[in-house]
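Data first, discussion second: the structure below is written as structure tokens.
The values are calculated or read from the model by the stated rules, or taken from the named source; none is laboratory data. If you're wondering where the values come from, they're calculated on a predicted model, not measured in any experiment. Positions of Cβ are generated from backbone atoms using ideal geometry, with glycine treated the same way; all protein chains shown enter the neighbour counts.
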Amino acid sequence: LYLIEECVFGMEFSAAVCLLADGTWKPMYISYNGEKTVVDALKSGDPLPFHGERFEDSLEMFPNMDKFVDQVIKAYKPPFPHLLCVQGFQLERNTDKYYLTEMTYRMLGQRDTMLSYMYSGVSQETALLSCHLNPKYQAEPDPDRPKIFERHIWYPYNEGLLRSHVGIDGNSPISSELTFNWLIEPGTKLCKPTSFAHFLVHIRLRNENKKRVLEDLEWLEKNWRPDVVPTEEMVEKNVESLSMCFQETTLEDFEEAEDPELNIFNASQRSLVRVST
């Protein structure tokens, strides 16, 4: 699934645009995961942050992205109107050296879609319907959208057992509003992560101060992890401490997280199956 990502180095990005009925297109936002790719997160077990900005707010980080997207659209001529996402890698930081990996002729995946309005003032769902229903639709940002900055961070599986839904210590420096969305129940045995479906929790951060929300995101990325007992520790301790928590339940009784009802994404539809709070 991630062959290209294994071979290309740089900043991975997704540039979301709306193809309009009049044959022009409007930029919506650019999303990225910092220095990490999905492959990096799955291999290391480290969390994957989600960032996004409108094109005009990303000129320093992604210069001439509008020109790159326009070249792609003119070369491949996707049918109008619809949504399009141009995905690729920025080979050198803060330059326009872009490498195209794929185009997505639809809404982006659930992780980006749920952030599209907060990133750009334009919801992907609204843009998709409106560009087909209204020939004069221009995908302009909502001028009344909340002046709140939002970021998400997703935590992949680590081999072992999810012991509890632990939160953030009250002594942490976090000032943003946090919302935990757990996708796996305590007592679930976790496999080695191999796909985008293998994430166990995502945290939403909201703050009126952009600097603070970015600082809080960085703090979580470096300092907070889900309460997972590693497989090696389970074997070494013969699961003595866990038997108290789970009424003498044996390892064989634990449910594998390969149950499709527990997976974040349906493999064919790539849509959110269940988010529990």
Next on the checklist: Cβ-Cβ distance below 8 Å, separation of 6 or more or different chains: which pairs start in segment 210-228 with a residue that is touching a residue at least 60 places away in the same chain (Cβ under 8 Å) and end on one that is of a type in the set (Lys, Arg)?
Outcome noted: VAL213/ARG151; VAL213/ARG206; LEU214/ARG151; LEU217/ARG151; ASP227/ARG163; VAL228/ARG163
Item to check | Residue count for segment 86-109, restricted to those that are more than 17 Å from GLU53 (Cα to Cα) and not hydroxyl-bearing (Ser, Thr, Tyr) | outcome: 7
Next on the checklist: Can you go through LEU59, LEU20, LEU91 and tell me which one is in the same structural domain as MET118 (by TED's automatic domain parsing) and buried (at least 16 other Cβ atoms within 10 Å of the Cβ)?
Outcome noted: LEU20
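Name the residue that is nearest to LYS67 (Cα to Cα), counting only residues in segment 16-37 that are touching a strand residue (DSSP E or B) at 6+ places or on another chain (Cβ under 9 Å) and part of a loop (DSSP other than H, G, I, E, B). Show your work before the answer.
In the first step, residues of segment 16-37 are kept if they are touching a strand residue (DSSP E or B) at 6+ places or on another chain (Cβ under 9 Å); the result is 16-20, 25-37.
Filter once more, so that each one left must be part of a loop (DSSP other than H, G, I, E, B): 20, 33-37.
Numbers: LEU20: 17, ASN33: 22, GLY34: 22, GLU35: 23, LYS36: 25, THR37: 24 Å.
This residue is LEU20.
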